[in-house]
């Protein structure tokens, strides 16, 4: 094992992170190579900096006029230069400040500086690189983002323990906790992915459910189980009812118990309506962790980034940083959120008013971009094809039993018509 990896492992010795590491996580480190030497030169090379592989002209990176004309608000450094492996420092600092502002339960809790990764998919994938290995089990609800399985089962050769997402009209808390207990019995540890608002159902925890999830995980941790909780906050902040947990579950778990390591995967994709920016953040939180522990975890994550994509887009990061500091930024986000809330309310109202065909049941939803129907006695895939080929409506079928509808992409005035056509298609199909 590389000496740098051994040094990082020594810093984390005896912590929940060390116990949870995969073999890759234990081996990983950030090399003191070109990137480190270039950073040192950036601070001290006052005559010439002949380190990094970029071409300069008059002290700025070369930039084609064709690009300069399209990006007049950015300097060449902001537009075309490499970003640091972990992301632009000011952006990381600004995003961390926003986490405390958006998650009041983080007040007084110590968390890591967020690390920039190329999107939420990369965030989940890199976290699994660090902590998931063949033979492990990852606890997921039956209704989840399909990419989890591709990452967990195909990339990492691990297994998924699934539990029904819903029990009655609410979240299946006991199903989650039983999955944690089963994983603990098998491997002495548990790895969980929690995604709220949930894709594909658009469900977020109520405040009471969040309290019960937190208490349940604490009880299991107190019994000696090491727990990794990955909070996938892709749709953060898009809750539309008053009794919901509007902050990340990460905020409640970040220093809950020394046997719990919480990791927040988030980004501007949905929060800031920049789906193609491919920027995400990974933030660590654990009881008793200090700067040295978080720095060691970050260096291992930097090694994974360096060995895969090297760094994330500098252009996207600088545009995001300017947006975060733009006067009126929060007001613009609030306006778009109200538009989405209006579409959600229209969907709720229409479904409450109409009589749906037998066997076609809306799943609970209260947030996010989506809602889903359960299809009993007929194929959700057949319904999807009928809607697409005969009605000109695109939807998504899952496991041939659920039909996901993204109300986020349909104008509020068209929601009623959308629901009528889908219901009619069900009648015709059956």
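Every number in this text was worked out from the coordinates using simple rules, so none of it is lab data. Treat the numbers as computed from the prediction; the structure is a model and nothing was measured. Reconstructed Cβ throughout: ideal geometry from the backbone, glycine too, with neighbour counts over all protein chains shown.
Laid out as a table, the results:
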| quantity | calculated |
| --- | --- |
| Ordering of 54-65, 311-322 by burial proxy (mean other Cβ atoms within 10 Å per residue, highest first) | 311-322, 54-65 |
| Cα gyration tensor category, rounded, prolate or oblate, for the range 71-129 with a/c compared to 1.5 | oblate |
| Tail weight of P(r) past 11 Å, computed on alpha-carbon pairs of the range 274-314, percent | 71 |
| Cα gyration tensor, the range 146-201 - rounded (a/c under 1.5), prolate or oblate | oblate |
| Scattering profile of the chain at q = 0.11, 0.12, 0.13 Å⁻¹ [log10 I(q)/I(0), Debye over alpha-carbon scatterers] | -0.91, -1.05, -1.19 |
| Antiparallel content of DSSP bridges confined to the chain, in %, to 5 | 55 |
| Paired Rg and Dmax values of the range 43-98, which use every Cα atom, in angstrom | 13.7, 38 |
| 15 Å reach of a label modelled at residue 382, 7 Å along Cα-to-Cβ, counting backbone N of the range 341-358 | 358 |
| Average Cα contact separation per residue, the range 329-429, under 8 Å, 6 or more apart, as relative contact order % | 31 |
| Taking the chain and dividing mean pair separation by its residue count, relative contact order in percent (alpha carbons under 8 Å, at least six apart) | 18 |
| Span from the the range 150-224 Cα centroid across to the the range 372-430 one, whole angstrom | 29 |
| Packing rank of 143-150, 260-267, 330-337, 78-85, where each peptide gets the mean count of other beta carbons within 10 Å, highest leading | 260-267, 78-85, 143-150, 330-337 |
| Binned Cα-Cα distances of the range 200-260, short to long, each 5 Å bin given as a whole percent | 4, 17, 27, 23, 16, 9, 4, 0 |
| Approximate shape of the range 368-423 as ellipsoid semi-axes (Cα gyration tensor, √5λ), whole Å, largest first | 18, 13, 9 |
| Extended-chain gain in nm, criterion 0.36 nm per residue less alpha-carbon gap, residue 62 and residue 335 | 94.4 nm |
| Cα-derived Rg to Rh of the range 329-429, Kirkwood definition | 1.00 |
| Contact order normalised by residue count of the range 373-430, Cα under 8 Å, 6+ apart, percent | 36 |
| Gain on full stretching of the segment that runs from residue 273 to residue 153 - 0.36 nm per residue minus C-alpha separation | 40.2 nm |
| Nearest-ten-degree value, helix 173-187 long axis tilted from longest Cα axis of the chain | 50 |
| Normalised alpha carbon radius of gyration of the range 30-141 [divisor 2.2 N^0.38 Å] | 1.44 |
